[in-house]
Every structure is written in C-alpha cells, then in structure tokens.
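Since the structure comes first, as structure tokens, the remarks are kept for the end.
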Amino acid sequence: MDSGGFTELRRHGTWDHGPTPATYVAQIRRYRDQVGRLAWAAPQDWMCEPQILAKTGLTIAAHQDYTVVNYLRLRELAPELPIIPVVQGWTVGDYLRCVDRYATYGVDLTGAGLVGVGSICRRQSTNQVKEILTALHRAGVTRLHGFGVKTLGLAKYADLLASADSMAWSREARNRPPLPGCSHKNCANCLRYALPWRTYVTAAIDHATARPALFGPSQAGWAA
C-alpha cells in the first residue's frame, strides 16, 4: 500500500491536506481487513525530487526528518501493522544520511525486513539509481523495494532489489481497448491484463540478468 505522497506533495506542498497519521493507520487497517493480503504499507513519506522540493520550499534534510518521524509515529500508533521504513534523498550521500537519521532514532535499517527507496521512479533507468542501491547494500541495507521501477531499471539492477512496483501496465491498458471478454471501458484495473504483463517483465529480467527471483518471499515473512 502506497501512501500517495508524491501526489499529495505535488498538489499541496504539505501533508496538511491529507490524512493524519491516525487516519492513515485506520485506512491501512481497513484495506488489510476488507481487501486482504496486505503485504506492507509505506509511511507518509516526503519525496526529494527537485519539483517537490520547489513546491514545499524545504530542504532534503527536512524531508528526510519528516519521513523518519512519520514512520516512527505510525509504528507507535499501530505496531502490529507491517509499515516499512522508506529512505529518501537525491544523491548517494543523501540516502546514506537518511539511513543515519533512522539510526539516530534507534531504527537499524540493516535488520529491516524491507526498506523502500523513494525519489527514484522518474530516473529509474539511470545509472545513478544503481549507484544509490549499491551504496545502500554496502551500508548493509540490502532488502530494498524500488518505487516505480520499470523494465529498463530492472534490467540494470534487479539483483539489488527484493521487490519493485510500477503502474506502467495500467497506463498501457488505459490507452488500449479492453481484452476480449472484458466488459469494462479499459483494462487499467484488470487482473487479466496485469498478470501477463508481470510474467513478461519478470521473464525479460530473468533473461537479462542472473538474479534471485524478484517478488519472492521476504525474510520478514511478508510477500515482497
């Protein structure tokens, strides 16, 4: 479950118009109980893309602090929910400093079952992202989830990720007629469209790289 932070900050430059931590926790519980099979939920993190920094008027350090504090608050409110930490930044050094920020609050990311890596989706196919992930591995943070990582990015560094997500399949389906037998306007939210897309992506990555199975079971017991 993603918090929708990019959309929230792009529109408003703050989380003040979005759900409070208590409301967000209630939403997570609802999706867990009514939808089911919740693997994990992201915190209400603060992205560090230049356009988001321009909207908030804050520094990367401030965004990192808000991200870490929100994670701690959510865990305080709902320690039973699988809320994962997310590291934010822009350069390699930024992400390592974010790891240190968590450590300052007593959170050791080297032992985390899964750690999200934010602010990479719009540059997911670049070598810079691979450098960031490599640096996190060297720092001992090895169970990583890549937000918005598509096929080109996975071809470069799938072996550095435990899991990844992308809405590319949904955007593609939105611009095509529905599959034969589907009665909806398009297949942007259609499992019949999504599963073959996933098979195509994982097969392409298997062919391009030698790696552990992406989306395999997490060491923390969550489906990654």
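Modelled with pLDDT under 95, within 15 Å of the chain's Cα centre (by Cα) and not in a loop (DSSP other than H, G, I, E, B) - does that describe any residue in the stretch 136-144?
No, the stretch 136-144 contains no residue that is modelled with pLDDT under 95, within 15 Å of the chain's Cα centre (by Cα) and not in a loop (DSSP other than H, G, I, E, B).
Report whether or not Ser163 is among the polar types (S, T, N, Q) and touching a strand residue (DSSP E or B) at 6+ places or on another chain (Cβ under 7 Å).
yes
What is the one condition in (1) free of Cβ contacts under 8 Å to residues at least 40 places away in the same chain; (2) over 19 Å from Pro21 (Cβ atoms) that Glu76 does not satisfy?
The number of the failed condition is (2).
Of (1) touching a helix residue (DSSP H, G or I) at 6+ places or on another chain (Cβ under 7 Å); (2) modelled with pLDDT under 95, Cys190 satisfies all except one. Which?
Unmet condition: (2).
State whether one or more residues within the stretch 124-133 are within 17 Å of the chain's Cα centre (by Cα), among the hydrophobic types (A, V, I, L, M, F, W, C) and open to solvent by 10 Å² or more (accessible area, probe 1.4 Å).
Checking the stretch 124-133: not a single residue is within 17 Å of the chain's Cα centre (by Cα), among the hydrophobic types (A, V, I, L, M, F, W, C) and open to solvent by 10 Å² or more (accessible area, probe 1.4 Å).
When you look at Ala155, is it open to solvent by 20 Å² or more (accessible area, probe 1.4 Å), aliphatic (A, V, I, L, M) and either assigned to a loop (DSSP other than H, G, I, E, B) or at pLDDT below 95 (or both), yes or no?
yes
When you scan the stretch 64-93, how many residues do you find that are in a helix (DSSP H, G or I), of a type in the set (S, T, N, Q) and under 21 Å from Ala135 (Cβ atoms)?
Matching residues across the stretch 64-93 total 2.
Checking the structure you have, find out if any residue of the stretch 162-170 is of a type in the set (A, V, I, L, M, F, W, C), under 15 Å from the mean Cα position of the chain (by Cα) and at pLDDT 90 or above.
Checked the stretch 162-170: at least one residue is of a type in the set (A, V, I, L, M, F, W, C), under 15 Å from the mean Cα position of the chain (by Cα) and at pLDDT 90 or above.
Return the residues of the stretch 35-47 that are without any contact (Cβ under 8 Å) to a residue 24 or more places away in the chain and either of a type in the set (Phe, Trp, Tyr) or assigned to a loop (DSSP other than H, G, I, E, B) (or both); say none if nothing qualifies. Quick ask: steps written out before the conclusion?
Residues of the stretch 35-47 that are without any contact (Cβ under 8 Å) to a residue 24 or more places away in the chain, as a first pass: 35-36.
Once the filter is applied, which keeps residues that are without any contact (Cβ under 8 Å) to a residue 24 or more places away in the chain and either of a type in the set (Phe, Trp, Tyr) or assigned to a loop (DSSP other than H, G, I, E, B) (or both), the stretch 35-47 yields only Gly36.
Could you tell me which residue of the stretch 16-47 is surrounded by the fewest Cβ atoms within 10 Å (Cβ to Cβ), considering only residues that are farther than 28 Å from Gly89 by Cβ and among the aliphatic types (A, V, I, L, M)?
Val35
Counting just the residues of the stretch 193-219 that are open to solvent by less than 50 Å² (accessible area, probe 1.4 Å) and of a type in the set (A, V, I, L, M), which one comes out modelled with the lowest pLDDT?
Step one: of the stretch 193-219, the residues open to solvent by less than 50 Å² (accessible area, probe 1.4 Å) are 193-194, 201-202, 204-205, 209, 211, 214, 216, 218.
In the following step, the residues that additionally are of a type in the set (A, V, I, L, M) were identified as 194, 201, 204-205, 214.
Numbers: Ala194: 93, Val201: 86, Ala204: 78, Ile205: 80, Leu214: 50.
The selected residue is Leu214.
Between residues in the stretch 48-63 that are under 20 Å from Ile132 (Cβ atoms) and open to solvent by less than 70 Å² (accessible area, probe 1.4 Å) and residues that are at pLDDT 95 or above and of a type in the set (Val, Ile, Thr), which pairs lie under 6 Å by C-beta distance while being six or more apart or on different chains?
Listed pairs, sorted by first residue: Cys48/Ile60.
Select, from Tyr95, Tyr102, Tyr71, the only residue that is open to solvent by 10 Å² or more (accessible area, probe 1.4 Å) and among the aromatic types (Phe, Trp, Tyr).
Testing whether each residue is open to solvent by 10 Å² or more (accessible area, probe 1.4 Å) and among the aromatic types (Phe, Trp, Tyr) leaves just Tyr71.
Taking the conditions exactly as written (surrounded by fewer than 19 Cβ atoms within 10 Å (Cβ to Cβ) and touching an Asp or Glu at 6+ places or on another chain (Cβ under 7 Å)), does Val86 satisfy them or not? So that I can check it myself, show each step before the final result.
Working: surrounded by fewer than 19 Cβ atoms within 10 Å (Cβ to Cβ): no; touching an Asp or Glu at 6+ places or on another chain (Cβ under 7 Å): yes.
Here the answer is no, as Val86 does not meet what is asked.
The values are calculated or read from the model by the stated rules, or taken from the named source; none is laboratory data. Computed from a prediction, not measured in an experiment: that's the story for all the values here. When we count neighbours, we look across all protein chains shown, and the Cβ atoms used for this are built from the backbone with ideal geometry, even at glycine. Side chains are part of the model used for accessible areas, which takes the heavy atoms of the whole protein and leaves out ligands, DNA and RNA. Shrake-Rupley method; radii C 1.70, N 1.55, O 1.52, S 1.80 Å.
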